[in-house]
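The values are calculated or read from the model by the stated rules, or taken from the named source; none is laboratory data. Everything quoted here is computed from the prediction, not taken from an experiment. Ideal geometry is used to build each Cβ from the backbone, glycine not excepted, and the neighbour counts take in all protein chains shown.
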Amino acid sequence: MVKRTLRRWRKPPPMLVFMLAVMLPAAALIIASASYVRHIQRGKMVEAAIQLDYQHILKIAEKRIVERAYETSEKASTSFPDVDHSEELDTFLTTHPEIAHAFLWTGKGDLDFRSQPGRMTDPDFQAEHKELSSELRDVFDMWSEDHIAMVKKNEVMEGRHVYITSEPVARGSKMQYESFVYFLPRGSTHEHPALAGFVYDEDYLKNSFFPQALNEVLPDQKGNDPSHPPPSITIRKEKEQTPLAASVCWNGGAPEVERGFDSVFPHLILGIRPYGTTIAEISNHWTHLAFGGLGALSLLMGGGMILAYRNVSRELALARLKSDFVSNVSHELRTPLSLIRLYAETLELGRISSPGKHQEYYEIIRKESERLTSLINNILDFSRIEAGKKEYSFRETDMADLVRSTLDSYRFEIEQNGFQFEQKIDNDLPQLRVDREAIARSLLNLVNNAVKYSATEKYLGVHLYRRNGGVNIEVVDHGIGIPLKEQLKIFEKFYRVGDPLVHNTKGSGLGLSLVRHIVLAHGGVVAVESAPGRGSRFIITLPVQNSEVQQVSA
Ligand code: ADP
């Protein structure tokens, strides 16, 4: 015969499934994100991205500033006198105080060059006037065609009526950066070409034009967000570090990204840097934020894992306890039922003749059915409590009478089992408002446990007394005892101590959880003092105060 071994698929433990399905992917995701952030940090990718962004902003800024220069100049050119009215140049200059010089060339040797009349008292300005007028006369006489062609080309290519360029001009001992605007004046014809223009000096560019233009490009946007500081833009001359002009949002420091003007303002450099910080600091801040976020995520995940772990293991333990409970209860039900059946059948067959035996059998049947009843009562009570349907009927009760009568029906049986039984009930106990049946059941559960878990030394003591505003019911045995770490757990539903001595004893793990529920419902507490091998003392404390208050309000 060939023996075959069938390999069965074993279901992996739920905890392992949980770890593999949730924890591993989450941890992998966090590790992958962390290494990606590290990669970004090492490759200085944040810096590169910001620099690229800044390049883009500078390009746009340049375009807008140039645009504004054209708009301003074209607007001014519209009120420029025509070729036959060069005498109106002074009026033109008075209405445009921002313009330093204006000129009109109408043919070889015919250049009218005027400067701001109000500023002619300044000797440096006067000298500049002289120098420029003679220079331009020579230039136009020789190169007027080139200039006219340049203006026309700009008109065709860019759709601009003016042509602007800038260059340094000496004023006194200093070099000034001045912008020259050229255009064809009204009245200029193909046969009699004319050239007109005006000059913006550095004072105007520095104090008025550039600040306004920069403010338009970057309105004041100082903010406090360190991960998104607003950029600040400066304009400087190629050979100077001190800026000519800066946006409102600028508080010193060298620009981190620069770009030269292509046209209109040659030799001027646009620079940009973040306000109040540096690109490297932004990158560091971003990296810290990213790592911080990942750290927080890991902590959250860790916390979640611990919570989930505790929940899952609690559920698993409960499931285990429930399955133990089912087998324990079935066992507990089967034993008394088989005994009852066996003795009832024996009696039915009439084989027993001695009246003493009859009596003994009847007693066994009675005791076993009482055991069944108490077990079933416990289960029913438990299911009512679980469903939230357990109701108590509190009545004025003489506690001494309650304890005495509950124990009386068991005294004989306890003593028959070889127990030394001590009952001590103090005098002058107050009446309490309790559910008589529920308190009796709690006491019976404690007494039953004391009897069940006393293997060698058979002692049972019940003591009823008043202490610190409460009435205590104390049940003492000298049995197997309970280890300290189990003493809180024994009040949980289905819980049974994992001691072999306990497992050899029948039980459902419901008794103490019922006792605790009943006592709490009475506003009391239940406590245990115990040591393995030395016995246990269970103490139910029922409050007198509550009962007295209830008595008054009832
Ligand atoms: P059970 O039906 O198992 O007795 P209980 O809820 O009444 O259920 O008790 C829970 C557990 O507490 C018991 O399984 C036992 O391990 C422990 N226990 C309760 N009373 C005693 C006692 N008097 N002595 C020792 N162990 C006890």
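Structure summary
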| item | result |
| --- | --- |
| Only listed residue being modelled with pLDDT under 90 and acidic (Asp, Glu), chosen from 391, 422 | 391 |
| Residue list for segment 347-373, filter: out of contact with any His (no Cβ under 9 Å at 6 or more places or on another chain) and not in a helix (DSSP H, G or I) | 349, 350, 351, 353, 354 |
| Condition met for residue 424 (buried (at least 18 other Cβ atoms within 10 Å of the Cβ), of a type in the set (Lys, Arg) and over 23 Å from residue 510 (Cα atoms)) | no |
| Search result, residues across segment 411-420 that are in contact (Cβ under 8 Å) with a residue 12 or more places away in the chain and either loosely packed, with under 13 Cβ neighbours inside 10 Å or within 15 Å of the ligand (Cβ to nearest atom) (or both) | 414, 417, 418, 419, 420 |
| So residue 523, is it more than 8 Å from the ligand (Cβ to nearest atom), touching a Pro at 6+ places or on another chain (Cβ under 6 Å) and closer than 25 Å to residue 377 by Cα | yes |
| Yes/no for residue 114 being buried (at least 17 other Cβ atoms within 10 Å of the Cβ) and closer than 20 Å to residue 185 by Cα | yes |
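Condition check ((1) without any contact (Cβ under 8 Å) to a residue 24 or more places away in the chain; (2) not in a helix (DSSP H, G or I)) across all residues:
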position: 143; (1), (2): yes, no
position: 157; (1), (2): yes, no
position: 166; (1), (2): no, yes
position: 175; (1), (2): yes, yes
position: 178; (1), (2): no, yes
position: 187; (1), (2): no, yes
position: 192; (1), (2): no, yes
